[in-house]
Every structure is written in structure tokens, then in C-alpha cells.
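Q: Got a structure for you, questions after.
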Amino acid sequence: MIEEQALVVAVKNNQILVEANRQSACGKCAANSECGQSAIAQWAAAKMINIEVCNPEKITIKVGDTVVVGIDEQSFVRASVLLYLLPLLVMFVAGLIATVVGAIEWMVIAMSFSALMLSFYAIKIYSKKYQHNPSYQLVVLKVVV
């Protein structure tokens, strides 16, 4: 389970709105003080984001509580592969097929780009099936005392 602490900002029925800080690995890096990426990461970390979270265990939570939210690691990895790796593979395979068929350069580029866009659209349609699947959603694990 991938876990993170968050502050509860709203509670309604089985859904909870939490506020979480964006975090970066830059704080743990030895080159933190000399790195331009670190400055950008610190600026972004100051921004808060609100996320809707499920409360399947019906834990008693009130506004202002600090909670631990989590998502299943396997589901997170599967979703990441689907979203990041699959479109790249589709794009490269389309480019390879266009090259083998003997298409000229601009056609190979157009076919690769078209396949990439088509894969994003297919993922959007496919992901709707898992939209309400609890294993692919953030859930409240416990209240931090």
C-alpha cells in the first residue's frame, strides 16, 4: 500500500476531500542547494492539492483531522504502465510498421503520432471501466492522532 498523510477539508457521506502537499525527492538529494530543479520542486511543493478520497471502512472523520490515505501498489503500477508505457510502445510499433512497409519519413512520423493519439483515446475509454473500482482509488486507512 502506498500511503500519505493528508488534512481533511470536507466530509460528505462516504467521500472525503483532503488537502495534501506535493512532495519531491529533491529534499533528500545531496545536490539540493546547487540544483535549479530543486528550486522548482520547492515552489511546487508549496502548492496544495485537494483530492477526493473514499472512506469504505466508515471511519469517523471530521474536518481538520489528519488522515493516512493509501492506494494499492499493484493497481498503481498497472495504471502507470497503462498510461505511460503502452502509448510509447504503440507509437514505436506504428513507426516500425510504417518503416517496414516503406513509408517516407513524414508518413512514419504521422503514423506514429496518430497511433499515439489513438492509444490515449483508447486508454480513456478503457479506464472508465475501472473508474469506480475501489482498488484503483485512494482510500482512508486511518486517522492520525
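Q: On full extension of the chain, what length is gained from TRP106 through LYS129, given 0.36 nm per residue of separation minus the C-alpha to C-alpha distance?
A: Numbers: separation 23, 0.36 × 23 = 8.28 nm, distance 3.57 nm.
Result for the pair: 4.7 nm of gain on full extension.
Q: Give the Rg (one decimal place) followed by the Dmax (whole number) of the range 59-145, computed from C-alpha coordinates and expressed in Å.
A: Rg then Dmax for the range 59-145, in Å: 20.0, 65.
Q: Okay, next question. Taking the dipole about the Cα centre of the range 45-145, with the C-beta of Lys and Arg at +1 and of Asp and Glu at -1, give me whichever of SER127, ILE109, GLN74 is farthest to the positive side.
A: Ranked along the dipole, the leading option is SER127.
Q: Ok, one more. Per residue, how many Å² of accessible area does the range 50-122 show with a 1.4 Å probe? Please report the intermediate quantities before stating the final value.
A: Working: 5050 Å² over 73 residues.
For the range 50-122, the per-residue accessible area is 69 Å².
Q: Treat each spin label as a single point 7 Å out from the Cα along the C-beta direction, and report the GLU4 to LEU82 distance in nm.
A: About 1.9 nm separates the two model spin labels.
Q: Could you tell me the calculated FRET efficiency between LEU96 and LEU118, based on Cβ-Cβ distance and R0 = 25 angstrom, to the nearest 0.05?
A: Details: r = 16 Å, r/R0 = 0.63.
Using R0 = 25 Å, I get an efficiency of 0.95.
Q: How high is the relative contact order of the range 47-145, in percent, with contacts defined as C-alpha pairs under 8 Å that are six or more residues apart? Numbers along the way, then the final one.
A: Numbers: 83 pairs, mean separation 54.7, N = 99.
That works out to 55 percent.
Q: GLU73 versus TYR136, label points 7 Å from Cα toward the beta carbon: distance in nm?
A: Rounded to a tenth, the inter-label distance reads 2.1 nm.
Q: So if I place +1 on the C-beta of Lys and Arg and -1 on the C-beta of Asp and Glu, and nothing else carries charge, what would the dipole magnitude of the range 45-145 be about its Cα centre? I want it in debye, nearest 20. Kindly include the intermediate steps, with their values, before the conclusion.
A: Numbers: 8 positive and 6 negative charges, 51 e Å.
With Lys and Arg at +1 and Asp and Glu at -1, about 240 debye.
The values are calculated or read from the model by the stated rules, or taken from the named source; none is laboratory data. Note that this is a predicted model, so its numbers are computed, not measured. Because the Cβ atoms are built from the backbone with ideal geometry, glycine has one as well, and the counts that use them run over all protein chains shown. What goes into the accessible areas is simple: the full protein's heavy atoms, side chains included, and nothing from ligands, DNA or RNA. Shrake-Rupley method; radii C 1.70, N 1.55, O 1.52, S 1.80 Å.
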